[in-house]
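**Q** Please read through the structure below; I'll follow up with questions.
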Amino acid sequence: MRAASLVFLILLCQGIGILGARWTAPEIPAWYSTLTKPSFNPPSWIFGPVWTLLYLLMAIAAWRIVHTPASTDRTAALAVFAIQLALNLLWSWIFFRHHALGAALVEVICLWLTIAVSAILFARIDSIAAWLLTPYLAWTAFASLLNGAIWRLNK
């Protein structure tokens, strides 16, 4: 049962990534390549491996929480985790599908805050699960900075 739930959560998180990539990938050589980007913009090829690892860490973190005793804390933590996962997907749709740089900036800040709340709620239950979210929190902070810079440079 524990292995099955881990596989499910990995597939769920990676599936969110794959769906977002379906909106993102066609826009990289087309629209995204035409944007003015800041000097700290990483090469496009780095995003796939980083996100794959982050989705794996998210899945493991959620899995650790799923396998703790039922409680209102666990329910709240998993609910906020689900919200941040939906916000993660929504950002790709706003930024890449609709090219709405300002709206994507607002959304990614909301995403970052939701990840932070997830980490705090996870920490109340399992500190390792919370730590597993910290690379995601850091990368999303960087993505927020990058989104803001791209929005500013392309007004």
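**Q** Where residues in segment 34-45 are surrounded by 10 or more Cβ atoms within 10 Å (Cβ to Cβ) and modelled with pLDDT of 95 or more, which of them is farthest from Ala149 (Cα to Cα)? Steps first, answer last, please.
**A** Of the residues in segment 34-45, the ones surrounded by 10 or more Cβ atoms within 10 Å (Cβ to Cβ) are 35-38, 41-42, 44.
The next check asks that each one be modelled with pLDDT of 95 or more; those that pass are 35-38, 41-42.
Numbers: Leu35: 11, Thr36: 9, Lys37: 7, Pro38: 6, Asn41: 9, Pro42: 13 Å.
Among those residues, the one meeting the criterion is Pro42.
**Q** For segment 46-65, name all the residues that are surrounded by fewer than 17 Cβ atoms within 10 Å (Cβ to Cβ) and more than 15 Å from Pro135 (Cβ to Cβ).
**A** Within segment 46-65, just Gly48 meets the criteria.
**Q** Let me ask you something else. Can Pro29 be described as part of a helix (DSSP H, G or I), within 18 Å of Leu101 (Cα to Cα) and free of Cβ contacts under 8 Å to residues at least 12 places away in the same chain?
**A** yes
**Q** Look at segment 70-95 and say how many of its residues are among the hydrophobic types (A, V, I, L, M, F, W, C), exposed (fewer than 15 other Cβ atoms within 10 Å of the Cβ) and over 20 Å from Gln14 (Cβ atoms).
**A** Number satisfying all stated conditions: 2.
**Q** Mind checking which residues of segment 101-144 are of a type in the set (Val, Ile, Thr), within 22 Å of Thr68 (Cα to Cα) and without any contact (Cβ under 8 Å) to a residue 24 or more places away in the chain? Let's see the steps before the verdict.
**A** First pass over segment 101-144, keeping only residues of a type in the set (Val, Ile, Thr): 106, 108-109, 114-115, 117, 120, 125, 128, 134, 140.
When the remaining residues are screened for being within 22 Å of Thr68 (Cα to Cα), the result is 114-115, 117, 120, 125, 128, 134.
The answer is Ile120, Thr134.
**Q** Separate question: Return yes when Thr134 is at pLDDT 95 or above, surrounded by 15 or more Cβ atoms within 10 Å (Cβ to Cβ) and within 16 Å of the chain's Cα centre (by Cα) and no when it is not. Walk me through how you get there before you give the answer.
**A** Values: at pLDDT 95 or above: yes; surrounded by 15 or more Cβ atoms within 10 Å (Cβ to Cβ): no; within 16 Å of the chain's Cα centre (by Cα): yes.
Criteria not met by Thr134.
**Q** Return only the number of the condition from (1) touching a helix residue (DSSP H, G or I) at 6+ places or on another chain (Cβ under 7 Å); (2) outside any helix (DSSP H, G or I); (3) aliphatic (A, V, I, L, M) that Ala70 does not satisfy.
**A** It is condition (1) that Ala70 fails.
The values are calculated or read from the model by the stated rules, or taken from the named source; none is laboratory data. As the structure is a prediction and not an experimental result, all values here were calculated from the model. For neighbour counting, all protein chains shown are included, and Cβ atoms are generated from backbone atoms with ideal geometry for every residue, glycine included.
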